[in-house]
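A short reminder: the numbers here are calculations on the coordinates, not readings from a lab. Predicted model only: the values in this text are computed from it and were never measured. Every residue, glycine among them, receives a Cβ derived from its backbone with ideal geometry; neighbour counts consider all protein chains shown.
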Amino acid sequence: MISATSSGLQGDVSVPGDKSISHRALMLASQVLGSTRITGLLEGEDVLRTAEALRRLGVDVQRVGDGAWEVHGVGAGGLHESEAVLDMGNAGTGARLMMGLVTPYPFTTFFTGDPSLRSRPMGRVMTPLSQMGARFVARAHDRLPLALTGTESPLPITYRLPVASAQVKSAVLLAALNTRGKTTVIEREPTRDHTENMLEYFGIGVERRREEDGALAVTLSGHQNPARAERSLTVPGDPSSAAFPLVAALIVPHSRLVLRNVCVNPLRTGLFDTLKEMGARLTAVNERRIGGEKVADIEVESSTLRAVRVPAARAPSMIDEYPILAVAAAFAEGETAMEGIGELRVKESDRLSGIIQGLRACGVEARAEGDTLFVTGQKQPRGGALISTRLDHRIAMSFLVMGMASQQHVTVDDAAPIATSFPGFPALMNALGARLSERTPTRTLPLVVAIDGPAASGKGTLARRLAAYFGIAYLDTGSLYRAVGLRLAYADADPRDIGAAIRAAQSITYEDLANPRLRQEHVGKAASIVSAQPEVRAVLLDFQRRFAASGQGAILDGRDIGTVVLPEARFKFFITATLEARARRRHRELQGQGVEVIYDSVLKDLRERDERDAAREIAPMKPAEDAFIIDTSKHDADSVFDQVRRLIEERLEQPEQRIPA
């Protein structure tokens with residue numbers, strides 16, 4: 001999706017229901033007898049996964065209108081074993097809270113999720129639930145898929161949170177609903193209290209008290225079982241979702257918005273407080289309480305922002321808003337420092353890394369020092385970048401907002417994850433004056449690009465970015481030889497055995513190319529041997545050509561793609577740089593990986609490799625006669641990408657009968 005510069009945002013709008021409250025509304029409504037009608041529920045993918053998980057556990061959950069749902073509660077102890085795996089999609093909150101809900105049951109529940117959720121650690125919630133009697137079998141590093149076997153005799157515990165986490169606190173409190181005795185969670189730093197507020201709204205008593213050290217202790221007595229009743233609950237607007245149009249209005253000149261029915265729970269307003277400190281013209285009016293939560297309308301206008309230092313103590317109240325705050329900081333005068341945000345490394349993606357890479361791609365200086373993020377703002381950042389969202393909805397929306405005020409449009413590689421928390425975001429923003437559009441392909445025939453060049457010239461980085469931008473497959477051909485070497489090394493076969501090497505080359509798969517063991521030293525040595533064998537090169541030549549001829553488009557990089565593998569490719573590039581420039585890059589790269597290496601040794605290694613590549617009998621490294629030759633010695637990755645992208649797009653606009661593959 002592309003976001004182009006807007007001339008102003010105007011309107012009066014309601015944002016989707018709060019995601020955190022929506023998850024809890026469904027779960028807690030299932031734990032009290034009677035029916036609960038929920039209005040304003042967020043109908044994003046994450047919340048829908050929670051609704052489906054409850055159905056599989058025996059709860060009658062029905063959609064009865066637009067944003068209106070009805071839950072027929074089964075009471076504490078009324079859940080049943082699911083016959084199927086609970087697929088929580090991308091819903092980290094849903095997964096962790098659901099684990100607490102099923103802990104007091106003597107059956108096994110299986111949890112999984114999408115690739116993003118399967119990469120996120122679950123150990124924080126597993127620890128206290130294990131103390132209550134749950135048993136877990138999980139993948140390495142406590143990741144999904146996992147199996148949770150509950151207990152019919154859960155133990156009440158007193159658990160002090162090692163790090164601030166509303167999800168862990170809520171999981172323990174949900175388990176406590178069906179646990180005899182008093183369970184207490186102690187938090188040194190305040191976290192979202194939506195669970196406590198909603199428990200009280202449903203008639204379940206919660207005791208909150210201050211410890212001598214100032215920590216907050218939350219205690220719940222199990223088996224309270226409120227009387228059967230017909231209930232109703234309204235979910236207020238999500239402040240985390242409101243953050244996106246709000247910041248857009250601040251940075252896009254000539255903008256004024258009113259955001260209706262936004263939750264302004266004091267433990268969720270860290271972003272609003274920070275933006276006010278930055279000079280935002282932002283006002284909360286018509287404050288009231290809905291469903292146990294404080295709600296208000298937010299008025300916001302275009303503002304001149306200035307840099308601030310955001311203390312670590314504020315992080316729990318705005319942990320999901322740092323991506324969009326970083327975008328606001330990119331337009332603020334001075335350097336903004338955001339402290340204590342290490343938690344961002346284990347969200348839907350490594351958000352801290354995603355923020356920094358995205359801002360740098362848009363021409364904004366950003367860096368992390370420990371758990372502090374620094375962003376140096378400017379009046380109007382360049383933009384003009386393709387952002388890798390890493391399946392993260394907040395990264396996607398944040399950089400679409402950035403494109404609304406940047407000099408050049410900003411493109412995100414995948415806008416689909418936005419539906420997990422803010423369905424209809426593009427349409428809503430466009431109705432206010434944004435210019436969001438799905439990027440339409442400029443080609444009708446498969447796009448095949450051949451990229452060659454010496455080591456450390458930047459060809460691999462360029463190839464990956466082009467593949468992501470044009471939405472086509474990428475093949476690092478050097479990994480093919482490593483894949484052959486890997487199969488030989490782990491079969492204890494001699495890489496000099498031509499027959500064994502050929503069989504290994506014939507058997508490699510695309511999965512082999514993603515094996516992290518490809519970078520092991522002994523695999524690299526085996527790869528060097530097999531890469532000199534003409535018989536192996538012939539097998540892999542066929543593999544590469546079949547990859548390029550898939551019909552979906554492809555980008556291949558190596559040292560003989562344009563001259564040998566794909567001599568008929570329409571687009572051929574030879575990426576080079578001076579030996580010294582490449583040695584400096586490789587030296588910095590190795591140092592960044594923690595490898596202690598002397599610059600002179602890197603220079604010597606690259607010089608020798610260049611000599612071998614140029615002198616080899618089979619496919620010596622040289623540019624194809626019709627290749628674009630690009631010297632990257634004095635250019636960064638962004639400018640090289642922009643140059644090559646423009647060359648491709650300009651030629652694609654020219655009529656042609658076919659694009660050879």
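Descriptive notes on the structure:
- Site pair Ala84 and Ile498 shows an inter-label distance of 5.5 nm when each label is modelled 7 Å from Cα along Cα→Cβ.
- When each of Lys169/Lys294; Lys19/Lys169; Lys19/Lys379; Lys169/Lys276 is checked by Cα-Cα distance, pairs over 27 Å: Lys19/Lys379; Lys169/Lys276
- Förster radius 56 Å - calculated FRET efficiency between Val258 and Thr461, Cβ distance, rounded to 0.05: 0.80
- Equivalent ellipsoid semi-axes - Cα gyration tensor, the stretch 475-551, angstrom: 19, 14, 10
- Sorted peptide list for 588-597, 226-235, criterion being average Cβ within 10 angstrom, highest first: 226-235, 588-597
- Rel. contact order, % - alpha carbon contacts under 8 angstrom, at least six apart, the stretch 19-234: 21 percent
- Of all DSSP beta bridges confined to the chain, the antiparallel ones make up roughly 60%.
- Relative packing of peptides 244-250, 203-209 - highest average C-beta neighbours within 10 Å first: 244-250, 203-209
- For the chain, the longest site-free run once chymotrypsin sites (Phe, Trp or Tyr not before Pro) in DSSP loop states with at most 16 other Cβ atoms within 10 Å are removed: 108-489
- Across all C-alpha atoms in the stretch 19-234, the radius of gyration and Dmax reach 15.9, 48 Å.
- Packing rank of 33-42, 173-182, where each peptide gets the mean count of other beta carbons within 10 Å, highest leading: 173-182, 33-42
- Across all Cα atoms of the stretch 77-116, the radius of gyration (one decimal) and Dmax (whole number) stand at 10.4, 32 Å.
- Residue order for Ile2, Ile629, Ile21, fewest other beta carbons within 10 angstrom first, comes to Ile629, Ile2, Ile21.
- Taking 11 Å as the cut-off, no amide N atom of the stretch 310-337 comes nearer than this to a point 7 Å along the Cα-to-beta-carbon line of Glu211.
- Percentage relative contact order, the stretch 1-107, counting C-alpha pairs under 8 Å, at least six apart: 28 percent
- Look at Leu518, Leu647, Leu325 and count the other Cβ atoms within 10 Å of each Cβ; fewest to most, that gives Leu647, Leu518, Leu325.
- Pair-distance profile P(r), taking every C-alpha pair of the chain, with 10 angstrom steps and integer %: 3, 14, 22, 22, 18, 13, 7, 1, 0
- Dividing the mean sequence gap of close Cα pairs (under 8 Å, 6+ apart) by how many residues the chain holds gives a relative contact order of 12 percent.
- Neighbour counts of C-beta atoms inside 10 Å place Arg24, Arg612 in the sequence Arg612, Arg24, starting with the fewest.
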